[in-house]
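The values are calculated or read from the model by the stated rules, or taken from the named source; none is laboratory data. It should be emphasised that the depicted structure is a prediction, and the values quoted were computed from it without experimental measurement. Every residue, glycine among them, receives a Cβ derived from its backbone with ideal geometry; neighbour counts consider all protein chains shown.
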């Protein structure tokens, strides 16, 4: 299916997608379908190719292929120059790669020292008795009360912020004296971020003249004006099973009853038997081996999600997802386009010998304080463990990984921080200056919101409306815009505070905020 | 003015005897509780707390005071009190069973068997010891199911136990010793044996029940309001039938949960009912959830109708009930019980705010200030659910005739944008002249 195009970029992209899809289960399913169709009367020998194509189209398989291609396009970045080394796809800027590398070294060091201090191996095989016990308790692991007092999270968002604050581009020297006109924020790297006119264009579907769920479905607005039609369109999108259409649709918000299916369609998750089998395989890995990171996961869940007024109910699901996630080697694939590199560990006594190197944890992702909050909101939508698992995994490898790795990507946390600070400084300069003067740099407060994609800070229904837009625009930039909008909303109170603690107090409770009106006002109704 | 009959007719403060619905200069209140309701009453503009023996226009009393004093307290027309004299017809477990059974028979006679099944929301219950033999018969017909023994008059989960073997009941009956609380004075305490719902709907593997608030302003005619807010109370531990003795698993009352070993007071283990409604909608779709909530409406109305003729409908009385509803795995709601004094103590900040809203709006409806026309269908977070007949959601006030596409005027679990609504409600009324 290679087409000869003049645009080498396009043909390269096509070649790569074909390469990736060739090994997938979809490919074998398509082959099976095509072969099976040979028995059908409408398939004639002299027009074999066209007839099979027609058959695949009418039976919905072409749509499935389209969705898979669309998914690949969303997840993988466009290929760069064929001569570019693979690190470029991870992160084109050298200084960013270096910074990420040192950060990773620090994390691994911290993990190893905890391991040595507590004399706990990074991994061990469970004795049979323990395996049986865990299997019995699988659905209620939350009832376990292991002694976690000696464990501490490997790092917290604020540690990460310190690292980002110290990022510098060694090639950049603007020669200006630090002045009011310079960037006053904590992030001091010159990345390109969108300004409000560009954001208005980018988020055009959030405009004042377009209906939104989260605004136009409130009790004051008669449902005939927007909501009913929007729900009807959503049902049509689901019937058509079209990923691209779904992605466009959710920009205006998902109706509660349709959200789970729409997200699954966008993320191209269909929960096939082989997916369920894969999840069961991961589960048996958990039963057989105990990892040090498991304790970190337990600790995180107990500290964050279990204490949340709404998510505490889902505690057991969180273990079922996160413990399996740590062992999922398919997650390693995302490192090809992430600036991060999975940490390596060596079998005891074989330090430095590559044949004895393993990725640790198996999925290469070391959880930090608050990690479990990425999963918690999904428990509202998905109840079948393997489906919940797949949705979370896909969300992680598409979006969440960017929130805790150093990169120049527009959806990376560094860009988001810079976007936030720039928006605030440009449109609320008095507020920004005031907060800076009293030692309350705005990013110090909003950083944790963005790293967690606002999970645990907003009310659940509002959070889901926000994540609708993350999926719809395939970008995390909306997190930075919302953070700025929150500051704008509480600007009057913030102007009166005189300390960081007081500023934190004003912004401590976001649970009453309505996300969509805030975004609309900030983007479309503020005079620039 | 409310006072004992042996006092003089004119109030000692020299107030003129005002007509019932005239706005009063100041409303004198008494409050038997020291929790949220007291805060709300104290903060209400124009309301003044009176001392022990002073005369009052409004009394948030407790049921023991009512039992001892109601019958010999004279109350002027305008005076309001927060309980009906014989509310126990609805709230005591043995009484509600009796009333529902009788009501069901009546419906069956008048409207047929199918219609009568709408009353089947109360788990099979037998009074003990009077219906012991009937209970044994039923027990033998359904071997293996679990039953729950509940004291008729106690609350907060005290004195309850589960059993599956008749032997457990026989032993218990012989001993005359109750499972706990020997300090109780009552010698012969009535119990009920109720069929235990073994397949509750679980969220996150946990059992929960719903607390819903219904305000009844009168029984004859029946006028009842449903509050939009409410909450789901979760058991702290995972549900399993194997641990019948684990009190903490089966009883979701917050009071019992609070004594469970792994109870964390910071946790709260409650979901606002809006979150519950959203969760269910995401899981089952809007239509299924509409049906579930409509069935709950049915529970509220039928239960009130069943006691309509027995409760003394004194116009001084109103009552705020806390309904406890359990949902089973087939999405059928069951009535566990009705509380005449639902807890007004807050378990968290969010809970406090809910109870403040609830009580403020209750006082708006009681309308000591005489601001309402009586034709309103919504006041704050309360929607008028029954006004001597079903109330429709359609535009217009209570007098608008009900048309073909009837949708009930209930919004349980909906957004409670009460502030806006109250503003709109009270603004024009202030400028009107009252007759």
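May I ask you to say which residue of A:290, A:316, A:300 is modelled with pLDDT of 90 or more, buried (at least 17 other Cβ atoms within 10 Å of the Cβ), touching a strand residue (DSSP E or B) at 6+ places or on another chain (Cβ under 6 Å) and more than 20 Å from residue A:68 (Cβ to Cβ)? Steps first, please.
Working: A:316 fails: touching a strand residue (DSSP E or B) at 6+ places or on another chain (Cβ under 6 Å); A:300 fails: touching a strand residue (DSSP E or B) at 6+ places or on another chain (Cβ under 6 Å).
Only one candidate passes the filter, namely A:290.
For the range B:36-61, how many residues are at pLDDT 90 or above and not in a helix (DSSP H, G or I)?
Start the filter on the range B:36-61 by keeping residues that are at pLDDT 90 or above, which leaves B:36-50, B:56-61.
Within this subset, residues satisfying the condition of being not in a helix (DSSP H, G or I) are B:44-50, B:56-61.
Number satisfying all stated conditions: 13.
Please pick out the residue among B:320, B:304 that is in contact with a helix residue (DSSP H, G or I) (Cβ under 7 Å, 6 or more places away or on another chain) and more than 14 Å from chain A (Cβ to nearest Cβ). Full working, then the answer.
Working: B:304 fails: in contact with a helix residue (DSSP H, G or I) (Cβ under 7 Å, 6 or more places away or on another chain).
Among B:320, B:304, only B:320 is in contact with a helix residue (DSSP H, G or I) (Cβ under 7 Å, 6 or more places away or on another chain) and more than 14 Å from chain A (Cβ to nearest Cβ).
I'm told residue A:103 meets every condition in (1) under 30 Å from residue A:188 (Cα atoms); (2) part of a loop (DSSP other than H, G, I, E, B); (3) in contact with a helix residue (DSSP H, G or I) (Cβ under 6 Å, 6 or more places away or on another chain) except one. Can you identify the failing condition by its number?
(2)
Residues of the range B:188-218 being more than 30 Å from residue A:379 (Cα to Cα) and in contact with a strand residue (DSSP E or B) (Cβ under 9 Å, 6 or more places away or on another chain), which ones?
From the range B:188-218, those more than 30 Å from residue A:379 (Cα to Cα) are B:188-195, B:214-218; that's our starting set.
The answer is B:189, B:190, B:191, B:192, B:193, B:194, B:195, B:214, B:215, B:216, B:217, B:218.
So, in the range A:363-397, how many residues would count as being more than 14 Å from chain B (Cβ to nearest Cβ) and under 16 Å from residue A:283 (Cα atoms)?
Counting residues in the range A:363-397 that are more than 14 Å from chain B (Cβ to nearest Cβ) and under 16 Å from residue A:283 (Cα atoms) gives 6.
Can you go through A:428, A:388 and tell me which one is surrounded by 20 or more Cβ atoms within 10 Å (Cβ to Cβ), in contact with a helix residue (DSSP H, G or I) (Cβ under 9 Å, 6 or more places away or on another chain) and modelled with pLDDT of 95 or more? Before the answer, list the steps.
Details: A:428 fails: modelled with pLDDT of 95 or more.
It is A:388.
What is the number of the single condition among (1) surrounded by 21 or more Cβ atoms within 10 Å (Cβ to Cβ); (2) outside any loop (DSSP other than H, G, I, E, B); (3) within 14 Å of chain B (Cβ to nearest Cβ) that residue A:414 does not meet?
Here residue A:414 meets the rest and fails (3).
Taking the range A:203-224 as the region of interest, how many residues are at pLDDT 80 or above and outside any loop (DSSP other than H, G, I, E, B)? Spell out how you get there, then give the answer.
Kept after step one, since they are at pLDDT 80 or above, are these residues of the range A:203-224: A:203-215.
Add one more test, that the residue is outside any loop (DSSP other than H, G, I, E, B), and what stays is A:204-206.
So the count comes out to 3.
Please determine whether any residue of the range A:321-330 is within 14 Å of another protein chain (Cβ to nearest Cβ), modelled with pLDDT of 95 or more, part of a helix (DSSP H, G or I) and crowded, with 24+ Cβ neighbours inside 10 Å.
Within the range A:321-330, the first condition is being within 14 Å of another protein chain (Cβ to nearest Cβ), and the residues that meet it are A:321.
Now narrow it down to the ones that are modelled with pLDDT of 95 or more: A:321.
Subset that is part of a helix (DSSP H, G or I): A:321.
Filter again for crowded, with 24+ Cβ neighbours inside 10 Å, leaving A:321.
Yes, that holds for at least one residue.
On the given criteria, is residue B:367 modelled with pLDDT under 95 and at positive phi?
Details: modelled with pLDDT under 95: yes; at positive phi: yes.
So residue B:367 passes the test.
Residue by residue through the range A:466-483, note down the ones that are farther than 17 Å from residue A:403 by Cα and surrounded by 24 or more Cβ atoms within 10 Å (Cβ to Cβ). Let's see the steps before the verdict.
Step one: filter the range A:466-483 for residues farther than 17 Å from residue A:403 by Cα, giving A:468, A:472.
Residue satisfying the conditions is A:468 alone.
In the range A:116-164, how many residues are away from chain B (no Cβ under 14 Å) and assigned to a helix (DSSP H, G or I)?
Result for the range A:116-164: 19.
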